[in-house]
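Visitor: Supplied in structure tokens, the structure appears directly below.
Nothing in this text is a laboratory measurement; each read-out follows from the coordinates by a stated rule. Small disclaimer: the values here were computed from a predicted structure and weren't measured. Here Cβ is always computed from backbone atoms with ideal geometry, including for glycine, and neighbour counts include all displayed protein chains.
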Amino acid sequence: MKKSKQGNVRAVAVTGLQATDNPAPGIAVARSIREGGWDGLIVGLTYDTFDTGSYNSDLIDQVFLIPYPNTGAEATLDRLHYIHSITPLSAIIPNLDSELDLYNTIRDDLTAMGIGLFIPDTRTLRMRSKAKLAEFCHNHNLPAPITELVYDFAGLERALSKVGYPAVIKGVFYEAYTAYTWQEATIHFDKLKLRWGLPILVQNVIPGEEYNICVVGDGKGGTVGAVPMRKLRLTEKGKAWAGITIKDPELIELAKKTMEALKWRGPCELELMKHEASGQYYIIEINPRFPSWCYLTTGAGQNLPYANLQLALGEQPLELAEYRSGVTFARHAIDIICDLSALEGLTMKGQVIYRKQPKHKE
């Protein structure tokens, strides 16, 4: 059994344990890490007692409630100090967009505690933000939709005259709607402004199919691994419920060019549209963490979450095998049965210790 400097069993913490119809990536990341050969503890960090992955005791060894990111760095760091005193952590893998600025703020503190991170820095995160993505793509000769930033109805009217209908109206952080008329555009504008603030993004619609690439960058411009897939079935919220890995050298090359331009450090997901007439791929978004479907990379023979963990630990991952195309995933819901004491533990004590030694050993 591998040991930490403190002489205890090594432990990796993962966030994003919600696993509903819009699942977070945490459980997929944890499954991949375990299957990669991790023989230490897997610790879940959760924001809500009803994050369903918290009760998957076959996979997660311990669970701790932590403050929401908007509570501030000090509150999170205090909680992590407490958790570290109970179970010394070797690394943390944040799996939610909203956590990354926070973890960059406390990166040096975590390093001093002996906790590894492998995430993009704040500057890199800004470069690929929704508001900056079109500019970044233009500067690095990467294909992207026409994008206009809008702050008021006058700007919205100008943007739509340039982009045309139908148009995609996007919030600066989340959510996107397609508008076919001026009236629809104004309704979407008001809704997104109230929810996410300004600016609002207006883009031309790229007719065709959506593709996604799960990528891990080495932080120096290199690509550790990349696995593309095409969505086969969507939820009402547009999330992938089934997908298939595909072999397309153009997608891999596009992922490598993006990692090189950004000097991306850690995991991300490239969302792309393939134009139905020209076959041209367009980068729609770059999500700065593992996608919820990242277990597909493991199933296809390229375990990207485990490679990311190795990098967070300061280890050099072995060269990854070529992924297999034609591998599919189909998500399904199951009921997790647990004792009432687990819910009571999270609710009253903020923690559940299923085991102090890993259940899975080599």
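Visitor: Taking the beta-carbon count within 10 Å as an exposure proxy, list Arg158, Arg289, Arg128 from fewest neighbours to most.
Guide: On the way: Arg158 14, Arg289 25, Arg128 22.
Exposure proxy ranking, most exposed first: Arg158, Arg128, Arg289.
Visitor: Give me Rg/Rg_expected for the stretch 146-204, where Rg uses Cα atoms only and Rg_expected = 2.2 N^0.38 Å with N residues.
Guide: On the way: Rg = 9.5 Å, N = 59, 2.2 N^0.38 = 10.4 Å.
Dividing the Cα Rg of the stretch 146-204 by 2.2 N^0.38 Å gives 0.92.
Visitor: Using only the Cα atoms of the chain, each taken as one equal point scatterer with no solvent, compute I(q) by the Debye sum, divide by I(0), and report log10 of the ratio at q = 0.15 Å⁻¹.
Guide: Summing over Cα pairs of the chain leads to -1.36.
Visitor: Sticking with this one: Sort out for me the Cα centre separation of the stretch 286-362 from the stretch 108-148, rounded to whole Å.
Guide: One Cα centre to the other: 24 Å.
Visitor: Another question, if that's okay. What are the ³J(HN,Hα) values, in whole Hz, obtained from phi via the Karplus relation 6.51 cos²θ - 1.76 cosθ + 1.60 with θ = phi - 60°, for each residue of the stretch 161-168 in sequence order, with x given for Gly and Pro?
Guide: After applying 6.51 cos²θ - 1.76 cosθ + 1.60, I find 5, 7, 7, x, 10, x, 10, 9 Hz.
Visitor: Mean separation of Cα pairs under 8 Å and 6+ residues apart, divided by the residue count of the stretch 146-204: what relative contact order is that in percent? Before the final figure, lay out each step's value.
Guide: Numbers: 102 pairs, mean separation 28.1, N = 59.
Result for the stretch 146-204 is 48 percent.
Visitor: Would you calculate the separation in nanometres between label points at Thr186 and Asp39, each defined as 7 Å from the Cα along the Cα-to-beta-carbon direction?
Guide: It is 6.7 nm.
Visitor: Counting each DSSP H run of 4 or more residues in the chain as -39500 (n - 2.57), what helix-only mean residue ellipticity at 222 nm follows after dividing by all residues, to the nearest 500 deg cm²/dmol?
Guide: Numbers: 12 runs with 108 residues, N = 362.
After summing the helix terms and dividing by the residues of the chain, the value is -8500 deg cm²/dmol.
Visitor: For the stretch 134-146, take each phi angle, set θ = phi - 60°, evaluate the Karplus expression 6.51 cos²θ - 1.76 cosθ + 1.60, and give the result in whole Hz per residue in order, putting x for glycine and proline.
Guide: Once rounded to whole Hz, the list reads 4, 5, 4, 4, 4, 5, 10, 6, 10, x, 8, x, 4.
Visitor: Going by C-beta contacts inside 10 Å, put Met113, Met348, Met259, Met127 in order with the fewest on the left.
Guide: Working: Met113 15, Met348 9, Met259 24, Met127 19.
By the 10 Å Cβ count, ascending, the order reads Met348, Met113, Met127, Met259.
Visitor: Also, quick follow-up: With viscosity set to 1.002 mPa s and temperature to 20 °C, compute the Stokes-Einstein D of the stretch 207-330, Rh being the Kirkwood radius across alpha carbon pairs; µm²/s, no decimals.
Guide: Working: Rh = 14.5 Å.
Answer, rounded: 148 µm²/s.
Visitor: ³J(HN,Hα) across the stretch 44-61 via Karplus (A = 6.51, B = -1.76, C = 1.60, θ = phi - 60°), whole Hz, x for Gly/Pro?
Guide: Each residue of the stretch 44-61 in turn: x, 10, 10, 9, 9, 5, 9, 5, 4, x, 4, 9, 8, 6, 6, 10, 8, 8 Hz.
Visitor: What's the ranking of 330-343, 81-94, 170-183 by average number of surrounding C-beta atoms within 10 Å, highest first? Don't skip to the answer; put the middle values down first.
Guide: Numbers: 330-343: 10.6, 81-94: 19.9, 170-183: 15.4.
Highest mean packing first, the order is 81-94, 170-183, 330-343.
Visitor: Along the charge dipole of the stretch 116-219, Cβ charges K/R +1 and D/E -1, which of Thr186, Gly164, Ile213 sits furthest on the positive end?
Guide: Thr186
Visitor: Say the cut-off is 20 Å between C-alpha atoms; which of Lys170/Lys257; Lys130/Lys263; Lys247/Lys274; Lys239/Lys274; Lys130/Lys247; Lys220/Lys256 go over it? Please report the intermediate quantities before stating the final value.
Guide: Details: Lys170/Lys257 25 Å; Lys130/Lys263 18 Å; Lys247/Lys274 14 Å; Lys239/Lys274 17 Å; Lys130/Lys247 28 Å; Lys220/Lys256 12 Å.
Over 20 Å apart, Cα to Cα: Lys170/Lys257; Lys130/Lys247.
Visitor: Quick one: pull the percentage of alpha-carbon pairs in the stretch 25-133 with a separation above 16 Å. Write down the numbers at each step before the final one.
Guide: Values: 3615 of 5886 pairs.
Tail of P(r) above 16 Å: 61 percent of Cα pairs.
Visitor: Let me ask you something else. Would you mind telling me which residue in Val224, Val12, Val168 has the biggest mean-square fluctuation in a Gaussian network model of the chain, where springs connect alpha carbons within a distance under 10 angstrom?
Guide: Answer for the Gaussian network model of the chain: Val168.
Visitor: Now for a separate question. Quick check: the angle from helix 249-262's long axis to the longest principal axis of the chain, C-alpha only, nearest 10 degrees?
Guide: On a 0 to 90 degree scale, this one is about 80.
Visitor: Additional query: Tell me, Phe118, Phe290 in order of fewest to most beta-carbon neighbours within 10 Å? Walk me through the intermediate numbers first.
Guide: Numbers: Phe118 23, Phe290 30.
Listed from fewest to most nearby Cβ atoms, that is Phe118, Phe290.
Visitor: Which length gain, in nm to one decimal place, applies between Leu343 and Ile246 when the Cα-Cα distance is subtracted from 0.36 nm times their residue separation?
Guide: Going from the current span to full extension adds 30.8 nm.
Visitor: Using the basic label-point model (7 angstrom from Cα toward the beta carbon), what is the Lys220 to Gln357 distance in nanometres?
Guide: 3.9
Visitor: So if each residue of separation counts as 0.36 nm, and I subtract the Cα-Cα distance between Asp101 and Glu253, what length gain in nm does that give? Spell out each step's value before the answer.
Guide: Working: separation 152, 0.36 × 152 = 54.72 nm, distance 2.86 nm.
Between Asp101 and Glu253, full extension yields 51.9 nm more.
Visitor: Calculate, in nm to one decimal, what Ser278 and Arg158 gain on full extension: separation in residues at 0.36 nm each, minus their alpha carbon distance. Spell out each step's value before the answer.
Guide: Details: separation 120, 0.36 × 120 = 43.20 nm, distance 2.72 nm.
Contour length minus the Cα-Cα distance gives 40.5 nm.
Visitor: Could I ask something else about it? Suppose a student asked you for the relative contact order of the stretch 273-362, using Cα pairs under 8 Å spaced at least 6 residues apart; what percent would you report? Don't skip to the answer; put the middle values down first.
Guide: Details: 42 pairs, mean separation 14.8, N = 90.
It rounds to 16 percent for the stretch 273-362.
Visitor: Taking the mean number of other Cβ atoms within 10 Å as a proxy for protection, how do you rank 193-199, 59-65 from highest to lowest? Display every interim value, and only then the final one.
Guide: On the way: 193-199: 14.1, 59-65: 22.3.
Highest-to-lowest ranking by the protection proxy: 59-65, 193-199.
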